[in-house]
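Inspection log for the structure reproduced underneath, given as structure tokens.
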Amino acid sequence: MMATRFDRWLNTLGAWTLALIWFLPLIYAVWTAIHPGAYATRFELFAPLTLENFSNAWNAAPFARYFLNSFLLVTFILIGQFVLCTLAAYAFVRFTFPGRGILFALVLLQLLVMPDILIVENYATMRKLGLVDTIAAIGLPYIASGFGIFLLRQTFKTVPKELEEAARIEGAGPLTVLWRVYVPLAKPTYLAYGLVSVSHHWNNFLWPLIVTNSVETRPVTVGLSIFSSVDQGVDWSIINAATLMTSGPLLIAFLLFQRQFVQSFMRAGIR
Amino acid sequence: MTFLKTMTTTLSAAALLASTAGSALAVDLQFFFPVAVGGKAADTIQALTDEYAAANPDVKIDAVYAGSYQDTITKTLTAAKGGTPPQLSVILAVDMFSLIEEDAIIPFDGLAKTDEDKAWLTSFYPAFMANSMTGGKTYGIPFQRSTPVLYWNKEAFKDAGLDPNTPPATWEEMVEFGKKLTKTDSNGNVTQWGVRIPSSGFPYWLFQGLTTQNDVILANDAGNKTNFDDPKVAEALQFLVDLSVKHKVMQPGIVEWGSTPKAFFEGQAAMIWTTTGNLTNVRDNAPFDFGVAMLPANKRRGAPTGGGNFYIFKDSTDEQKAASFDFIKWITAPEQAAKWTIATGYVAPRADTWETPAMKDYVAGFPQALVARDQLEYAVAELATYQNQRITTIFNDALEAAITGTKTPADALKEAQAQAEAILKDYR
């Protein structure tokens, strides 16, 4: 009895410590963002509050347009990935066709290749397609996601064959089976994978910077980079204001849907 | 109906395109630029290109912000390999050898047709051209060039009983002043360091100030042989290490580059070494009277140059190359260069820029701006070799190992030289 209580106490303490450590940078960011630059490195409880850092950051680049671009980008990628990965995973799970093993090995191989290595090749492809400097060019290389296919295949495999057979007897074709049986059962996986995908592409920097040239196509991360000016020294207040601003939508979305996300991660087995 | 309408619109648009292409010799230029000094610099470049475009309606310039210097060369080389290089770009002067090796750029000499153009090529400060020429050809035109200088806090000097108007002229004086300026509180914690030479990220640059002052050059002009294991280099590194270990006038360990100006403003360091690119920032934000001086001397005075040059890319039409040449000539002309220098603090790369009324007004109110220009007389080329990224990484790692105390300066440098030798011997 004593031991379990001590155990629980220890667990709680550990959780709180970890949570605090995780949270500290965010607290620091909030602190510097809402105070004048002079208070960036010292703590004074009643330091004057200001929103000036946010307005300065907002005005330093066309962020409204960048937000729209980022939003279009992650939506486009997410929809593309869902459609493509669902169909591919379904094919790998429920159909036998020649070369299936090799194809799946190729998909797995994609997990091992760093996307950065392919930048030059991807750029050349986008140029041949005439897509350089478009939002589609930022997203296309990521649509056929090896990770997504793999993850959905594993999830689909756990769906009992009986459910599919029952649907077949009711007269459902292969696509109806996919839509009515597999997709609904894999919802937690979609949610978890969607979160990973959205946050990854919201934060991606190098590839969007390379393949785009104009304000109309660039995402927020590229706008954010103008604040990291090494020659001049770093202004933490403005950087943190801009960082909070750009990561804000994701943070808010996560806090709102926190419970669903955590549950779907548990079920989907990504941690 | 809708289909027909679309067809006619498309056709008329195509006809319009054909007619404009036929009538005027419109030239499209794409221009990549990095920003290392804050958001305002990007606005200044945009304003300058707009001004040029307004005066030259037949040229369309698309100025594209390309991130940091590192991002810019990645973006440019990727675009070049993908078959659509920009027509011109500002890239680090030290990346010249890499760009030549990739066969991405062309020398300016072939584009200089008239005597006036040829004279223009030789009108820049020689210290800046040292990083812009190789094999007798000019590959880069100095634009956002800088050099490190010493900034000192006059109030801190006064408080320490030093003459607020005399900066240290030699290494010994810097140590001596530093000892007076280093203050500790009652708990023994240092509240103000005497001197701060940042060493994070690219320590080789400021360290090159020390080696030059110790009268040794780190690499040859051809960019294929380094000199890291010279005893004088080790001596300079020992001095840098001694500043924190022996003399205790500098914060020990790796000193952050980005927060150096802030540390200066907040009185955590009384003297800092940093780029002239910071001049405008320090002027706007230092809450006390400050001075700017040349770096202190040892065997001689000395500093490296730094920053970015204009390059013209190979894979464009002759009209585009000629237009790029013309644009670069325009933007580096005195009037435009003066605007750029005043907005950023970069050193105007030609002597005649300093004669313009705008610059004269500027230095009259702010004589500190002249220090960097005067230091050019003693400046040497920034460390640049073939495989520049790899060589500087090797060198930086050696410096960091010595600064953090994991290796002795001599050992670290000997290893770095051996590694650099293995890479560079193929280029001789």
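For B:Gly82, work out the one condition from (1) more than 7 Å from chain A (Cβ to nearest Cβ); (2) touching a Lys or Arg at 6+ places or on another chain (Cβ under 7 Å) it doesn't fulfil. Checking B:Gly82 against (1) more than 7 Å from chain A (Cβ to nearest Cβ); (2) touching a Lys or Arg at 6+ places or on another chain (Cβ under 7 Å), the one that fails is (1).
Rundown of residues vs (1) under 17 Å from the mean Cα position of the chain (by Cα); (2) within 14 Å of chain B (Cβ to nearest Cβ); (3) more than 30 Å from A:Ile27 (Cβ to Cβ); (4) not charged (D, E, K, R), yes/no style:
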{"site": "A:Ala167", "(1), (2), (3), (4)": "no, no, yes, yes"}
{"site": "A:Pro174", "(1), (2), (3), (4)": "no, no, yes, yes"}
{"site": "A:Tyr190", "(1), (2), (3), (4)": "yes, no, yes, yes"}
{"site": "A:Leu195", "(1), (2), (3), (4)": "yes, no, no, yes"}
{"site": "A:Pro208", "(1), (2), (3), (4)": "yes, yes, no, yes"}
{"site": "A:Ile238", "(1), (2), (3), (4)": "no, yes, no, yes"}
{"site": "A:Thr246", "(1), (2), (3), (4)": "yes, no, no, yes"}
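Restricting attention to the stretch A:72-90, the residues that are surrounded by 15 or more Cβ atoms within 10 Å (Cβ to Cβ) and free of Cβ contacts under 8 Å to residues at least 24 places away in the same chain total 0. Count of the stretch B:380-412 residues, restricted to those that are among the charged types (D, E, K, R) and either in contact with a Ser or Thr (Cβ under 7 Å, 6 or more places away or on another chain) or within 30 Å of B:Leu99 (Cβ to Cβ) (or both), is 4.
When the residues of the stretch B:259-283 are filtered to those that are more than 21 Å from the chain's Cα centre (by Cα) and surrounded by fewer than 23 Cβ atoms within 10 Å (Cβ to Cβ), the one that is nearest to the other protein chains (Cβ to nearest Cβ) is B:Glu266.
Taken as a whole, the structure leaves B:Asp50 outside the set of residues that are away from chain A (no Cβ under 11 Å), among the acidic types (Asp, Glu) and closer than 27 Å to B:Ala130 by Cα. Has the stretch B:231-245 got any residue that is part of a loop (DSSP other than H, G, I, E, B) and assigned by TED's automatic domain parsing to the domain that holds B:Gln419? No: zero hits.
Among the residues of the stretch B:67-77, those that are surrounded by 22 or more Cβ atoms within 10 Å (Cβ to Cβ) and either on the phi > 0 side of the Ramachandran plot or at the interface with chain A (Cβ under 7 Å from one of its Cβ atoms) (or both) comprise B:Gly67, B:Lys75. Counting only residues that are modelled with pLDDT of 80 or more, away from chain B (no Cβ under 14 Å) and out of contact with any Phe, Trp or Tyr (no Cβ under 9 Å at 6 or more places or on another chain), the stretch A:36-64 holds 5 of them.
Elements of the type helices (runs of 4 or more DSSP H) sitting completely within the stretch B:68-144 and holding at least 2 residues that are more than 22 Å from the chain's Cα centre (by Cα): these cover B:69-81, B:115-121. Being touching a helix residue (DSSP H, G or I) at 6+ places or on another chain (Cβ under 7 Å), modelled with pLDDT under 85 and assigned to a helix (DSSP H, G or I) is a description that does not apply to A:Asn69. Candidates in the stretch A:93-117 are the residues that are loosely packed, with under 15 Cβ neighbours inside 10 Å and in contact with a Pro (Cβ under 9 Å, 6 or more places away or on another chain); of these, the one that is nearest to the other protein chains (Cβ to nearest Cβ) is A:Pro115. Among the helices (runs of 4 or more DSSP H) confined to the stretch B:365-428, the ones with at least 3 residues that are touching a strand residue (DSSP E or B) at 6+ places or on another chain (Cβ under 8 Å) are located at B:369-375, B:409-424.
The values are calculated or read from the model by the stated rules, or taken from the named source; none is laboratory data. Just so it is clear, the model here is predicted, and its values are computed rather than measured. Glycine also receives a Cβ, built like all others from the backbone with ideal geometry; neighbour counts cover every protein chain displayed.
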